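To keep things clear, I will list the structure first and then write my remarks on it.
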Amino acid sequence: MKLPHNWWIWGVDVALGDSIDTGQVEYFKEIVKGIDKKDNPKIVIILHAPDWSKSAYRALVRICEAAREKGEICAILAGDLHHYARYESFKPKGAPERNPPLHLIVSGGGGAFAHPTHDQKKYLEVDSTVAGRGLLDMGREFSLRFVAEKEPKYHFKAVKFYPSRMLSRVLALKNLWLPFHNKRFALLVGFIYFFYAWVFGTSVPEEFAPPPSESIFDLHIANTAALAATARSNPAFFFMLLGLWVGLIFYVDAKLQHRLLKWLNGPIKVIFGTLHFQLHIVALLFVSAITTVLTLKLLDPVIGVAILHLKLFLGDAWQGTVVASDARGADLTAMRDCVSNFDWSGAASGTWGCVSEQLGKDALYIGATALTQAATSILIGGVIGAFIFGCYWVITSVLFGMHQDAFSALAVQDYKNFLRMKFEEDKLTIYPIALDRVPRRREWRARDPKKDIGVAKNMPLLVPKREMKPRLIEGPIRIEKGAAPGFVKTFVRDAGRDDAAASSSVGM
């Protein structure tokens, strides 16, 4: 899109890949043909994601080379990451200088949840094919084959992050309350725990099963030998454990990129994934034990007595009707004796036996106790399992900068941001605007035409109950429209030509 004063905005769509489709390439070629280099055009490139942070950015290189044929790239903007970050080129000792500086800006804090900033790099190195200022003359009009002179990489430093790196770490600590903050995730983990505990409890060999626990204060938790014996006797459980272990290993977000340290990513994945797996296995055995003792010592008796009372109530209501019989009357008498003699203190060991005897084959009792045991396992397993996941995300995110999905689980609504740009004849001014807190669903109301006079011209249907307070994150950022760059031109000898025919020239 061409703007006044020879400013241009180029928006590129690379979808989910790293290449530009043929249609876009042809489109930008036609755009370049219509640009006059003498007008000193300045170009702002907009991407869907910050490709400059990737190890290979073919699409970005291709669009930058096309832009530099006739103009100069002043800034590259991107979204995808749900935060604000700005990098600016600088000149360390022995590195090339880019004047004016190039700005790399991420502003993806629109409607989605916030992403962390403490995992972002403070310094970047970007190839000259993207960050270089010189116009590249490939020498197609000459008989000799020209190639772009290989420039050193340009250096960039982080100028501003929003939210700040320290605040980002503090937000990550909220994962310690993950079971109560993200109840749907806790429910999912609870279902997984219930499934594993169910298979383990029904498959553990009798000689490895722990003795019955008398109370939750005297739990007899199965050991790893019982787990191994169950996996050996039940292939399905073996592959369930194997799948969980391998899945947690591959889940580890190890991302060392230095060429001397990349080999550590594999061991890091194995170590972190195995420790995570072991914590879940210990929790699984604990959930299985505590669910069993709660079911046998509390839930089953409560449900049994409740069903006995229900049967007695219905039996009394049916007395004197056509469904009454001597056998039913005997059953009711036995139920009354059981309920009247039931000892909730547990002092009389035989009191629970009569409930089991009366309801051992009752479909309602069996179904109710099964559902109650499943619900208990899901509830306890969800809380413990989600807490383990939250601790894992806190440790790996805060200390090692892994797992952006730690913030996905938090679904932080605040810290929105966007950019406003003002294009003038001699400069471009970028205003990065932040909204630290956004209104929640119940903090909106219908617009009142008489009361909300200030917003009447915009005609919104909803307005916030409290005034929103946007502010500048930094800046404003001013990009001067400097003189047009020169060109870099170099050529090498074609095969078969004499070495003396090769020469090179550099002009700026």
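Of note:
- Within segment 1-29, the set of residues being among the acidic types (D, E) and open to solvent by 70 Å² or more (accessible area, probe 1.4 Å) comprises D13, D21, E26.
- Only residues that are assigned to a strand (DSSP E or B), of a type in the set (A, V, I, L, M, F, W, C) and open to solvent by 40 Å² or more (accessible area, probe 1.4 Å) were counted across segment 157-194, and they come to 1.
- Pairs are defined by a Cβ separation below 6 Å, a sequence spacing of at least 6 or placement on different chains, a first member in segment 276-296 that is under 16 Å from A375 (Cβ atoms) and open to solvent by 10 Å² or more (accessible area, probe 1.4 Å), and a second member that is of a type in the set (A, V, I, L, M) and modelled with pLDDT of 95 or more; no pair meets this definition.
- Scan of segment 239-265 for residues that are within 15 Å of Y196 (Cβ to Cβ), open to solvent by 90 Å² or more (accessible area, probe 1.4 Å) and either at pLDDT below 95 or in contact with a Phe, Trp or Tyr (Cβ under 7 Å, 6 or more places away or on another chain) (or both), ordered by number: W245
- Subset of segment 97-119 that is closer than 21 Å to Y84 by Cβ and open to solvent by 40 Å² or more (accessible area, probe 1.4 Å) - its residue that is farthest from the chain's Cα centre (by Cα): P101
Residues checked against (1) open to solvent by 70 Å² or more (accessible area, probe 1.4 Å); (2) under 26 Å from H155 (Cβ atoms):
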position: I31; (1), (2): no, no
position: I35; (1), (2): no, no
position: K38; (1), (2): yes, no
position: I45; (1), (2): no, yes
position: P50; (1), (2): no, yes
position: S53; (1), (2): no, yes
position: A56; (1), (2): no, yes
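- S213 meets the conditions (1) farther than 30 Å from H83 by Cα; (2) surrounded by fewer than 18 Cβ atoms within 10 Å (Cβ to Cβ); (3) among the hydroxyl-bearing types (S, T, Y) in every case but one. The failed one is (2).
- Verdict on F239 being touching a helix residue (DSSP H, G or I) at 6+ places or on another chain (Cβ under 8 Å) and either touching a residue at least 12 places away in the same chain (Cβ under 8 Å) or among the aromatic types (F, W, Y) (or both): no
- Count of segment 217-237 residues which are surrounded by fewer than 17 Cβ atoms within 10 Å (Cβ to Cβ) and modelled with pLDDT of 90 or more: 6
- Residue match in segment 104-121 (condition: touching a strand residue (DSSP E or B) at 6+ places or on another chain (Cβ under 6 Å) and among the basic types (K, R)): no
- Looking across segment 384-408, the residues that are closer than 30 Å to E443 by Cα and open to solvent by 10 Å² or more (accessible area, probe 1.4 Å) come down to Q404, D405, S408.
- Members of segment 426-456 that are open to solvent by 80 Å² or more (accessible area, probe 1.4 Å), closer than 30 Å to A78 by Cβ and in contact (Cβ under 8 Å) with a residue 12 or more places away in the chain: D426, R437
The values are calculated or read from the model by the stated rules, or taken from the named source; none is laboratory data. These numbers come from a predicted model, not from an experiment. Every residue, glycine among them, receives a Cβ derived from its backbone with ideal geometry; neighbour counts consider all protein chains shown. The protein model used for the area step is the full one, side chains on, heavy atoms only, and it has no ligands, DNA or RNA in it. Shrake-Rupley method; radii C 1.70, N 1.55, O 1.52, S 1.80 Å.
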